[in-house]
Amino acid sequence: MTSVQDLPQVRGVKNIPVEEYFTSGHRTCQGCESALVMRLMVKAAGQRTIVLGSTGCMYVANTTYYSTPWVVPWMHTQLGSSGSAATGTAAALASMMRKGKMKQEPINVIAFCGDGGGVDMGLSAISAALQHDEYNLLIICYDNESYANTDIQVSGSSPWGANSTFSPPGKVHRIMNKRWKKNTAPMLAAGHPDCKYVATTCASYGLDFTNKIRRALTIGGPTFVHCFDPCPKGWDYDPKYSHELGMLGIETGLWVLYEIVNGELVLNGPSRTIAKGIRQRKPVEEYLMRQGRFAHMTKEDIKFFQEKVDESWEKWWIPGLIPFGEKEEA
Amino acid sequence: MTTTQTQLFQTEKEELISGSEAIAIACALADVDVITAYPIRPYDTVMQYVSKLKADGAFDCDFIVAESEHSQFEIVKHASAVGARTFCGSSGVGWFYAMEAITVTAGLRLPVVAMVGNRALDDPGAFGVEHNDALAVRDLGWMLYWVATAQEALDTALLAWKIAEDPRVFLPFAVSCDGSFLTHSQAIVRVPDNKKVRQFLPNYNRGKLQLHPDNPITVAPQVNEDWLMEIRRQTNEAMLRATQVIPEAYDEFKQVFGRGDPSPWIEEFMTEDAEIVLVGMGTLAMPVRVAIRRLREQGKKVGFLRVKFFRPFATEEIRNALSHCKAVGVIDRDYSYGSPSFGGVLFNDLRAALYPLQRHPLMLSFIAGLGGREVMVRDVNQVVDMCQKAIDTGKIEQENTWIAVRE
């Protein structure tokens, strides 16, 4: 395995590097949390980094020919190929450095995908990438809970009941998306025991985000980070509330912040204090009713939603993560 | 820059090997950096040999068993962008499963070399050869070559990296090998020594297009109607330049190895005074040559032209070779449902190439040997008879005929 860079954990917001590697030249929406994910991601990784970007809004909105926001080398990859892009890039670096065809040095390899590219189409390639413990690579899924680049269509990561152009509430069917959000990060963590690092995060918590990227890049081997990204266009809210909605998603217990380091689970931030009983989960209604995509929901719908979230905290083997337990002997 | 070099092939020697094994040895000789595999018959024998060569320490590469053909081709695409020499391959519907990755590889001008072990497309299932799998990329910017022998497989693989990695070209190269007849059949192959290969094939240099922190470029942004047409035009120009780079590479091959085919484009067999010329690709050459030799003994003026490069298509060479004969019988090991005259893919490209000529031979299309069905000497005789009838009557009764098929 090739060596990793020295990227120490950042103590305090003031110690986050000032250098920017994702700068002007993109045309993401006002309030786009995913653009912040891109920015913080390369800020944490530094200049000796290669970024591969799957098709999605962080491809189309970021890189329009004749302008690029990327100061680091960047390459497009196909929608379902973030895992393969990372593997191919890391394999080429490893092979050429080992054979003396390229100067030896640790280079970060990061491939990003949206929820469409990661949770849906690219899942099998990500799974394959996480099996190659000889390659250092990070796959980051920026999850804005829809195919946000193609007019907002539901993905396997969209919340139950959300209005989208493929799940519009109608006269006969009020709830068109009846799928519950896929439990991606725990699935990848449980399914790849040799993967040393799987984490969830949210750019509303910049320091948590930065340090998770750094831990993912320095632990060695393939790693996965799943990021919860409020999207003003897809979720239908005023762009100024992106950060607040990210926090609300976690405070209501819908999204759980944690990291799994070498097989050990640690809850972080508000999720940790909720699990310890220090703070109460806010009602999901506070989160849902701030967004146009849930405006069609009735009291019963909200109740159903709340019960599903309650179940994940009260009945799951590990709250918010593992949705089953051992059957007790009669 | 130092290079690792296989210790296995220090002297030139002759080996009894299959077409797949010949290409696996070419991978070792070429010091390929990243190879991806996924199982599908019949191409996958090449990867079995590659993995054994790696396991035995015969050469050093990153050999990745992908979880699908799509990933297989995406991985080498990205490895190639970083500057690694790459190899992969597939067959039949596996090649189609990878089609998205295959088309972007050409769009990105990445010199990936792939082996296609030609196989019938599903459904219904068949393991045998048909050319429709590889032919699907004919319009996408892949160079496409059909080999006829194991020796040609090894030589063409070495030439493939040479041509594809030429900065004037930077296009991917598919080495098409007929399933079973080539992938699984052994023949004596002259394996060159690795020093000569190194001399012929230096390291791949991606230059200013290499994706590396020292060269922080943005690759494949969204271009839309503003620029896409210019970029398509560049790919077309690269294919045009390949028509010059290919003969250069063949000349150098002859200089370094002291052997090689007279023409990179076509192989002519008894065509000089032929009134009827049959045309085909791949291992079809063998039964056709046998049949022609026998017909010549009977005094029939028959010849055979084997098309080697399907892309870029050797328009001039083929025009020159076919302009003097009276009838051309094209034997396609493929189909193109609903095409002009319901002819095969090779037939229609060939007929289009000959159209500007003042004097046209009569052109007949034949579909034969699909799904690995053997093409027999008697089938070739039937083709020749139909061509002769067209010459005698001055007209083509039936433009397209399926040979040796149950009615």
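The values are calculated or read from the model by the stated rules, or taken from the named source; none is laboratory data. Note that the structure is predicted; figures quoted are calculated from it, not measured. Note: ideal-geometry Cβ built from the backbone for every residue, glycine included; neighbour counts use all protein chains shown.
Just one of (1) at the interface with chain B (Cβ under 7 Å from one of its Cβ atoms); (2) buried (at least 20 other Cβ atoms within 10 Å of the Cβ); (3) touching a residue at least 12 places away in the same chain (Cβ under 8 Å) trips up A:Lys101, so point out which.
Exception for A:Lys101: condition (3).
Would you confirm whether any residue within segment B:186-194 is surrounded by 13 or more Cβ atoms within 10 Å (Cβ to Cβ), among the hydrophobic types (A, V, I, L, M, F, W, C) and either in a helix (DSSP H, G or I) or within 14 Å of chain A (Cβ to nearest Cβ) (or both)? Talk me through it step by step, then tell me what you get.
Initial filter on segment B:186-194 (surrounded by 13 or more Cβ atoms within 10 Å (Cβ to Cβ)): B:186-187, B:189-194.
Imposing the further condition that a residue be among the hydrophobic types (A, V, I, L, M, F, W, C) reduces the set to B:187, B:189, B:191.
Subsequent filtering for residues that are either in a helix (DSSP H, G or I) or within 14 Å of chain A (Cβ to nearest Cβ) (or both) retains none.
No, there is no match, as no residue in segment B:186-194 is surrounded by 13 or more Cβ atoms within 10 Å (Cβ to Cβ), among the hydrophobic types (A, V, I, L, M, F, W, C) and either in a helix (DSSP H, G or I) or within 14 Å of chain A (Cβ to nearest Cβ) (or both).
Can you pull out the residues in segment A:34-63 that are farther than 25 Å from A:Gly246 by Cβ and surrounded by fewer than 20 Cβ atoms within 10 Å (Cβ to Cβ)?
Selection gives A:Gln47, A:Arg48.
Considering only segment A:190-200, I want to know if a residue exists there that is assigned to a strand (DSSP E or B), away from every other protein chain (no Cβ under 14 Å), in contact with a strand residue (DSSP E or B) (Cβ under 6 Å, 6 or more places away or on another chain) and not β-branched (Val, Ile, Thr). Let's see the steps before the verdict.
From segment A:190-200, those assigned to a strand (DSSP E or B) are A:197-200; that's our starting set.
Filter once more, keeping what is away from every other protein chain (no Cβ under 14 Å): A:197-200.
Okay, now just the ones that are also in contact with a strand residue (DSSP E or B) (Cβ under 6 Å, 6 or more places away or on another chain), so A:197-200.
When the remaining residues are screened for being not β-branched (Val, Ile, Thr), the result is A:197, A:199.
Looking for residues that are assigned to a strand (DSSP E or B), away from every other protein chain (no Cβ under 14 Å), in contact with a strand residue (DSSP E or B) (Cβ under 6 Å, 6 or more places away or on another chain) and not β-branched (Val, Ile, Thr), one finds at least one in segment A:190-200, hence yes.
Having 1 or more residues that are of a type in the set (A, V, I, L, M) and closer than 30 Å to B:Glu237 by Cβ is the bar; report the strands (runs of 3 or more DSSP E) wholly within segment B:289-407 that clear it. Walk me through how you get there before you give the answer.
Values: elements: B:302-307, B:309-311, B:327-332, B:362-367, B:400-402.
Qualifying strands (runs of 3 or more DSSP E): B:302-307, B:327-332.
Yes or no: segment A:75-91 includes at least one residue that is in contact with a helix residue (DSSP H, G or I) (Cβ under 7 Å, 6 or more places away or on another chain), away from chain B (no Cβ under 12 Å), among the hydrophobic types (A, V, I, L, M, F, W, C) and closer than 30 Å to A:Leu254 by Cβ. Walk me through it before giving the result.
Step one: filter segment A:75-91 for residues in contact with a helix residue (DSSP H, G or I) (Cβ under 7 Å, 6 or more places away or on another chain), giving A:75-89, A:91.
Still in the list and also away from chain B (no Cβ under 12 Å): none.
For segment A:75-91, residues in contact with a helix residue (DSSP H, G or I) (Cβ under 7 Å, 6 or more places away or on another chain), away from chain B (no Cβ under 12 Å), among the hydrophobic types (A, V, I, L, M, F, W, C) and closer than 30 Å to A:Leu254 by Cβ: absent.
Within the group B:Arg119, B:Arg138, which residue is buried (at least 24 other Cβ atoms within 10 Å of the Cβ), under 14 Å from the mean Cα position of the chain (by Cα) and not hydrophobic (A, V, I, L, M, F, W, C)? Before you say what the answer is, go through the steps one by one.
On the way: B:Arg138 fails: buried (at least 24 other Cβ atoms within 10 Å of the Cβ).
Testing whether each residue is buried (at least 24 other Cβ atoms within 10 Å of the Cβ), under 14 Å from the mean Cα position of the chain (by Cα) and not hydrophobic (A, V, I, L, M, F, W, C) leaves just B:Arg119.
Go over the candidates A:Ala85, A:Ala128, A:Ala91 one by one and state the one that is touching a residue at least 40 places away in the same chain (Cβ under 8 Å), in contact with a strand residue (DSSP E or B) (Cβ under 6 Å, 6 or more places away or on another chain) and under 14 Å from B:Ile64 (Cα atoms). Spell out the reasoning first.
Values: A:Ala85 fails: touching a residue at least 40 places away in the same chain (Cβ under 8 Å); A:Ala128 fails: in contact with a strand residue (DSSP E or B) (Cβ under 6 Å, 6 or more places away or on another chain).
When all the criteria are applied, what remains is A:Ala91.
Among B:Val46, B:Val32, B:Val93, B:Val76, which is over 16 Å from B:Val197 (Cβ atoms), modelled with pLDDT of 95 or more and facing another protein chain (nearest Cβ under 10 Å)?
Working: B:Val46 fails: facing another protein chain (nearest Cβ under 10 Å); B:Val32 fails: over 16 Å from B:Val197 (Cβ atoms); B:Val93 fails: facing another protein chain (nearest Cβ under 10 Å).
Exactly one residue qualifies, and that residue is B:Val76.
Do the conditions hold for B:Trp95, that is, is it buried (at least 24 other Cβ atoms within 10 Å of the Cβ), touching a residue at least 24 places away in the same chain (Cβ under 8 Å) and within 22 Å of B:Asp261 (Cβ to Cβ)? Don't jump to the end; show me each part of the working.
Details: buried (at least 24 other Cβ atoms within 10 Å of the Cβ): yes; touching a residue at least 24 places away in the same chain (Cβ under 8 Å): yes; within 22 Å of B:Asp261 (Cβ to Cβ): no.
So B:Trp95 fails the test.
Which of (1) touching a Pro at 6+ places or on another chain (Cβ under 8 Å); (2) within 30 Å of B:Leu228 (Cα to Cα); (3) more than 14 Å from chain A (Cβ to nearest Cβ) is the odd one out, the single condition B:Asp133 does not satisfy?
The single condition B:Asp133 does not satisfy is (1).
Do we find a residue being of a type outside the set (D, E, K, R), within 8 Å of another protein chain (Cβ to nearest Cβ) and either assigned to a helix (DSSP H, G or I) or free of Cβ contacts under 8 Å to residues at least 40 places away in the same chain (or both) anywhere in segment A:106-121? Give the derivation first.
Filtering segment A:106-121 down to residues of a type outside the set (D, E, K, R) leaves A:106-114, A:116-119, A:121.
With the extra rule that they be within 8 Å of another protein chain (Cβ to nearest Cβ), the set shrinks to A:107.
Now restrict to residues that are either assigned to a helix (DSSP H, G or I) or free of Cβ contacts under 8 Å to residues at least 40 places away in the same chain (or both): none.
No, because not a single residue in segment A:106-121 is of a type outside the set (D, E, K, R), within 8 Å of another protein chain (Cβ to nearest Cβ) and either assigned to a helix (DSSP H, G or I) or free of Cβ contacts under 8 Å to residues at least 40 places away in the same chain (or both).
Within segment A:137-152, track down each residue that is touching a helix residue (DSSP H, G or I) at 6+ places or on another chain (Cβ under 6 Å), assigned to a loop (DSSP other than H, G, I, E, B) and either among the β-branched types (Val, Ile, Thr) or surrounded by fewer than 24 Cβ atoms within 10 Å (Cβ to Cβ) (or both).
Once the filter is applied, which keeps residues that are touching a helix residue (DSSP H, G or I) at 6+ places or on another chain (Cβ under 6 Å), assigned to a loop (DSSP other than H, G, I, E, B) and either among the β-branched types (Val, Ile, Thr) or surrounded by fewer than 24 Cβ atoms within 10 Å (Cβ to Cβ) (or both), segment A:137-152 yields A:Asn149, A:Ile152.
What's the number of the condition B:Ala220 fails, among (1) under 25 Å from A:Lys101 (Cβ atoms); (2) within 14 Å of another protein chain (Cβ to nearest Cβ); (3) free of Cβ contacts under 8 Å to residues at least 12 places away in the same chain?
(3)
Considering A:Gly31, A:Gly80, A:Gly25, which residue is assigned to a loop (DSSP other than H, G, I, E, B), more than 15 Å from the chain's Cα centre (by Cα) and buried (at least 24 other Cβ atoms within 10 Å of the Cβ)? Write out each step before concluding.
Working: A:Gly31 fails: buried (at least 24 other Cβ atoms within 10 Å of the Cβ); A:Gly25 fails: buried (at least 24 other Cβ atoms within 10 Å of the Cβ).
Just a single option satisfies the conditions, and that option is A:Gly80.
From A:Gly246, A:Gly206, A:Gly191, grab the single residue that is farther than 27 Å from A:Ala125 by Cβ and either touching a His at 6+ places or on another chain (Cβ under 9 Å) or surrounded by fewer than 20 Cβ atoms within 10 Å (Cβ to Cβ) (or both). Break it down stepwise before answering.
Values: A:Gly246 fails: either touching a His at 6+ places or on another chain (Cβ under 9 Å) or surrounded by fewer than 20 Cβ atoms within 10 Å (Cβ to Cβ) (or both); A:Gly191 fails: farther than 27 Å from A:Ala125 by Cβ.
Of A:Gly246, A:Gly206, A:Gly191, the one residue that is farther than 27 Å from A:Ala125 by Cβ and either touching a His at 6+ places or on another chain (Cβ under 9 Å) or surrounded by fewer than 20 Cβ atoms within 10 Å (Cβ to Cβ) (or both) is A:Gly206.
Which condition breaks for B:Ala55 when tested against (1) surrounded by fewer than 18 Cβ atoms within 10 Å (Cβ to Cβ); (2) under 19 Å from the mean Cα position of the chain (by Cα)?
Going through (1) surrounded by fewer than 18 Cβ atoms within 10 Å (Cβ to Cβ); (2) under 19 Å from the mean Cα position of the chain (by Cα) one by one, B:Ala55 breaks only (2).
Only one of (1) surrounded by fewer than 24 Cβ atoms within 10 Å (Cβ to Cβ); (2) more than 7 Å from chain B (Cβ to nearest Cβ); (3) at pLDDT 95 or above fails for A:Tyr66. Which number is that?
(3)
With the requirement that a residue be in contact (Cβ under 8 Å) with a residue 24 or more places away in the chain and over 28 Å from B:Ala136 (Cα atoms), what does segment B:295-322 give you?
Applying the first criterion (in contact (Cβ under 8 Å) with a residue 24 or more places away in the chain) to segment B:295-322 yields B:295-296, B:300-315, B:317-319, B:321-322.
Scanning segment B:295-322 gives B:Leu295, B:Arg296, B:Lys300, B:Lys301, B:Val302, B:Gly303.
Table: residues versus (1) surrounded by 18 or more Cβ atoms within 10 Å (Cβ to Cβ); (2) away from chain A (no Cβ under 14 Å); (3) touching a Cys at 6+ places or on another chain (Cβ under 9 Å); (4) without any contact (Cβ under 8 Å) to a residue 24 or more places away in the chain.
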| site | (1), (2), (3), (4) |
| --- | --- |
| B:Leu201 | yes, no, no, no |
| B:Asn215 | no, no, no, yes |
| B:Met229 | no, no, no, yes |
| B:Arg233 | no, yes, no, yes |
| B:Trp265 | yes, yes, no, no |
| B:Ala274 | yes, yes, yes, no |
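Among the numbered criteria (1) closer than 30 Å to A:Phe294 by Cα; (2) assigned to a loop (DSSP other than H, G, I, E, B), which one does A:Val72 miss?
Going through (1) closer than 30 Å to A:Phe294 by Cα; (2) assigned to a loop (DSSP other than H, G, I, E, B) one by one, A:Val72 breaks only (1).
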